[in-house]
Amino acid sequence: NAPTATTMAAVFRMPIRRTESAPKFNGRTESLNEFLDQYEDLADQAALNGQDRIKGLIRYLSANNKELWAGVPQAQQGDFDAFITAVKVMYPGCEGDRCFTLMDLHTLSRNQSTGAMRSQIELGDYFCEYIRVLQYLMAKSRIGEIERNHIFLEGAQNSTSNLCCLFCGAFEHFLSCCREKNTYINAGKCMVHPHMQKIVLPDGNWIPGRPGDSTMKERLDRHYAKQMKEVQPNQSINVGKSARFDGMDIPSGTRTHPGPASKQSKEVPPVASTSSSSSSSNTANITNPLSTMPSSNQYRYSYPLEDKNADKHILEHILDMTISIPIREILAISPDVHKVFCDQTTTKHITVGTVSVNELLSQPELEEWMRGYDEVRLRSNDGKVIADHYMPLRCVHMTTFGGRVLTCMLDQGAEVVVMPEVVWKMLSVGMCSDYCLNMESVNMSKDATLGVIENVPLDFGGGPMYFQVQVMKHTNFDILLGRPFFKLTSCHTSDLPDGEQDIFLTDPN
């Protein structure tokens, strides 16, 4: 019989941590599944099962993640599938359709805008990372074309400033050295904002148009060309030394400024204008409307009992008066007389040449408006209008991540904006647990927040506004809008007798 040769299969060993063939996890949600797939392939080859399979996985983690994953209760039970399920709960969005959110795109753009791009390679890296997140959002119809371009340009603004001039588009110089910019500033077409150091219109507003479509110079030219088209045929823009009203040229220097001794406005001489479409000259008398405006109020000191001849009259009465009690003692023992005497003799600052009108609150229009709410008013037995025992809180609806509609409660007494934990999990966004607050209720009870969600977009119908939202364990509302909301939006409320409330919001962006 021929001898039989026995071959021993080589034992597969797991790669050492941090080597090239070892699985790596950077702690981010999007790389979790890839890390688990690589490890499971290696674990199958090494025939790891149960508790050994769990310990081998934890060995490839960083120090922070190792402590986090080892603290999961399923890590000590030996069931690898149950352990993986518990781990994935800590990384919302690692499975299903919630891989990326619009906040991820904003975060990528914001982080990129903080550092300058010094080469096209860095610009290409940013573009690839941006497209990777954008493709998912576009496939789910969670972002529009205008918004995606605007967010990309916000992150690439440092790169564009390094490639060309933002004002005129030339590649030979930078924005700070642009002669075209200085020419437009000297002409009064734009200015540098004193606080933000940005090019804005003379009134402080942003230059109309989208930054990615054209240069600042082109957008300014379109803006002023549009203004010229909107001017009526019988009007013109006041430029230089003259103005034009109803076809008549009026010099702006015809206004006279009276000196300190003169309080009257001088009459403006007539101004004649010749029409070019007629051979005969038509003369019209035009009074400068500025000259008919009343001069600023002049003041002098006066009081109700003022009388130029009072000193003589008092002297005559004193000479004819017989009194045994000094007036000083009468005023000392009578506070009421003292008060009236002071009111009548105190010098007051009054206006000269004005008319005082006291407006009564009981106007017919106001009374008629109030009668429209008689049916909803609560009255006492004697007919007086009294307040209700309670009134429900007012709420508004808004949209946030992924177009979700939430109900927000208005509360001027709250110092923060709050949402419950269940809403945070539904939105599947990141939360910073380093910034927690202790909330104290009106009944002196205290609760600690779980963390804060930064820059949460809340859209009330006029575009997103961004808030810092604290997360609490349990609440009876979707979102509570506290004082930060009222401050950011300059919120103005108008309450009506029937319990309705009108809210006026201002978008600071």
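The values are calculated or read from the model by the stated rules, or taken from the named source; none is laboratory data. All figures in this text were calculated on a predicted structure; none of them were measured in a lab. Methodologically, a virtual Cβ is constructed for each residue, glycine included, from the backbone with ideal geometry; neighbour enumeration extends over all protein chains shown. Keep in mind that these areas ignore ligands, DNA and RNA; they rest on the heavy atoms of the full protein, side chains included. Shrake-Rupley method; radii C 1.70, N 1.55, O 1.52, S 1.80 Å.
Please give, to one decimal in nm, the separation of the simple spin-label points placed at LEU201 and VAL89, each 7 Å out from Cα toward the Cβ.
Modelled inter-label distance: 5.5 nm.
Using a 1.4 Å probe on the protein heavy atoms only, what accessible surface does SER62 show? Give it in Å² to the nearest 10.
Here the accessible area works out near 50 Å².
Per-residue accessible area for THR85 at 1.4 Å probe radius, Å² rounded to 10?
Accessible area of THR85: about 90 Å².
For ILE16, what is the net charge nearby, where nearby means another residue's Cβ is under 14 Å from its Cβ and Lys, Arg count +1, Asp, Glu -1?
That works out to +4.
Please work out how much length the chain gains when fully extended from HIS492 to ALA448, using 0.36 nm per residue of separation minus the C-alpha to C-alpha distance, in nm with one decimal.
12.8 nm
Could you order ASP221, ASP203, ASP388, ASP434 so the one with the most accessible surface comes first? Probe is 1.4 Å.
ASP434, ASP203, ASP388, ASP221
Could you work out the local net charge near ASP81, counting Lys and Arg as +1, Asp and Glu as -1, over the other residues with Cβ closer than 13 Å to its Cβ?
0
For segment 172-220, which GluC sites (Glu not before Pro) pass both filters: DSSP loop (anything but H, G, I, E, B) and at most 14 other C-beta atoms within 10 Å?
Answer in residue order: GLU172.
Any chance you could run the full-extension gain for ALA310 through CYS177? It's 0.36 nm times the residue separation minus the Cα-Cα distance, nm to one decimal.
Working it through step by step, the gained length comes to 40.5 nm.
Under 12 Å from the Cβ of ILE58, count the other residues' Cβ atoms, weight Lys and Arg +1, Asp and Glu -1, and hand me the total.
+3
Give, in nm to one decimal, the length gained when the segment between ARG483 and ASP81 is fully stretched (0.36 nm per residue of separation minus the Cα-Cα distance).
Difference between extended and current length: 140.1 nm.
Which of LYS55/LYS140; LYS140/LYS226; LYS181/LYS487; LYS446/LYS487; LYS140/LYS425 have a Cα-Cα distance over 29 Å?
The answer is LYS55/LYS140; LYS140/LYS226; LYS181/LYS487.
Percent relative contact order of segment 428-485, based on C-alpha pairs within less than 8 angstrom and at least six residues apart?
It comes to 26 percent, rounded to a whole number.
Where does each of TRP69, TRP369, TRP206 land when they are ordered by accessible area, with a 1.4 Å probe and the largest first?
Result, largest first: TRP206, TRP369, TRP69.
Order the following by accessible area, largest value first: ARG59, ARG328. Probe radius 1.4 Å; ligands, DNA and RNA are ignored.
Largest to smallest exposure gives the sequence ARG328, ARG59.
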